[in-house]
Amino acid sequence: MLRWLPEDVSPYGAGIDSLFYFIYYITAAAFILVTALMIIFLFQYRHREGRRAVYTHGNTTLELVWTVIPALVFIALGFASRAQWEAIKMHIPDTDTVIQVTGKQFNWEILYPGPDGKFNTGDDKQIDNDIHVPVGKPILVILKARDVIHSFFLPNLRFKQDAVPGRDINAWFQANKPGKYEIPCAELCGFGHSGMKGWLYVDSPEDYKKWYTEQWPQAATAQGPATEAHS
């Protein structure tokens, strides 16, 4: 199996990768078959002196075969991926770590609710393009957009979700390995699209507590970094 995808550090990435490779191999097989037939037909039906072209109206059976087989493959892929997508999109784990991410031309606005666990209060903190989360913990993300459609993409977490103006979209991710991971925008959003990216910092419990204390020094000692946020 090919191994050219970014390193997977999410709890559900293996299932997504398996589905991707399954589709990849089906597509590769179809490509090889069509290419081989084209080469054979180019040789078989090349111009020859004395041979006249023959008109044919087609083959109904063959047309049905190449229509029905791809349709069945697509249906099978839909059923095969249903459980995976429901587990990711329809069931958000319980968590007390919530952030709000707003896409705008051309950066990510990251809003943290602060120790009181509520947005739009005095202890909120906004940081552009940098997200700090604890390792191994589900993170609820409330996605928004100020201007056009953006797409919040975490390649190493197999996470991608559009941010749509006028809508609040809830999604979640979990990083199981500390590190620094890129956050590009995966939706063409204007002339500065290529430069619209941020960084996800997945911290150990100690490093996350240290970062949290630096952001809210008065409340961190008494309350700690585990807070519940509500939009």
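None of the figures in this text is laboratory data; all of them are computed from the coordinates on show. Because the structure is predicted, anything quoted here is derived from the model rather than measured. Positions of Cβ are generated from backbone atoms using ideal geometry, with glycine treated the same way; all protein chains shown enter the neighbour counts.
Just a few scattered comments:
- In order along the stretch 101-113, the phi-based Karplus estimate (6.51 cos²θ - 1.76 cosθ + 1.60, θ = phi - 60°) of 3J(HN,Hα) comes to 10, 10, x, 8, 5, 9, 7, 9, 9, 9, 10, 9, x Hz; Gly and Pro are listed as x.
- Lysines whose Cα lies under 20 Å from that of Lys180, excluding same-chain neighbours fewer than 8 positions away: Lys137, Lys160, Lys197, Lys209, Lys210
- Given charges at Cβ of Lys, Arg, Asp, Glu: the stretch 51-118 dipole, positive-most of Leu64, Ala83, Gly103: Leu64
- For the stretch 185-198, backbone phi angles converted through the Karplus equation (6.51, -1.76, 1.60; θ = phi - 60°) give residue-by-residue couplings of 8, 9, 10, 4, 10, x, 5, x, 4, 5, x, 8, 8, x Hz, Gly and Pro being listed as x.
- Local electrostatic count, Gln84, Cβ distance below 15 Å [Lys/Arg +1, Asp/Glu -1]: +1
- The orientation-averaged projection of the convex hull spanning the C-alpha atoms of the chain amounts to 18.3 square nanometres.
- For the stretch 98-223, taking the reciprocal of the average inverse distance between every pair of different Cα atoms yields a Kirkwood hydrodynamic radius of 14.9 Å.
- Within the chain, longest stretch clear of exposed GluC sites (Glu not before Pro) (DSSP loop, no more than 15 other Cβ within 10 Å): 50-227
- Estimated dipole of the stretch 1-126 in Debye, rounded to 20 [Cβ of Lys and Arg +1, of Asp and Glu -1, Cα centre]: 1100
- Taking Lys and Arg as +1 and Asp and Glu as -1, the other residues whose beta-carbon sits under 12 Å from that of Ala163 total 0.
- A helix-only calculation puts the chain at -11000 deg cm²/dmol for mean residue ellipticity at 222 nm, using -39500 (n - 2.57) for each DSSP H run of at least four residues, averaged over all residues.
- Annotation: aspartates and glutamates with alpha-carbon distance below 19 angstrom to Lys177 (same-chain offsets under eight excluded): Glu7, Asp8, Asp17, Asp130, Asp203, Glu206, Asp207.
- Exposure proxy ranking, count of Cβ atoms within 10 Å, fewest first, for Phe20, Phe159: Phe20, Phe159
- Relative contact order of the chain, pairs being alpha-carbon contacts under 8 Å that are 6 or more residues apart, as %: 22
- Here the Karplus relation 6.51 cos²θ - 1.76 cosθ + 1.60, evaluated at θ = phi - 60°, turns the backbone of the stretch 30-38 into coupling constants of 5, 4, 5, 5, 5, 5, 4, 5, 4 Hz, with x for every Gly and Pro.
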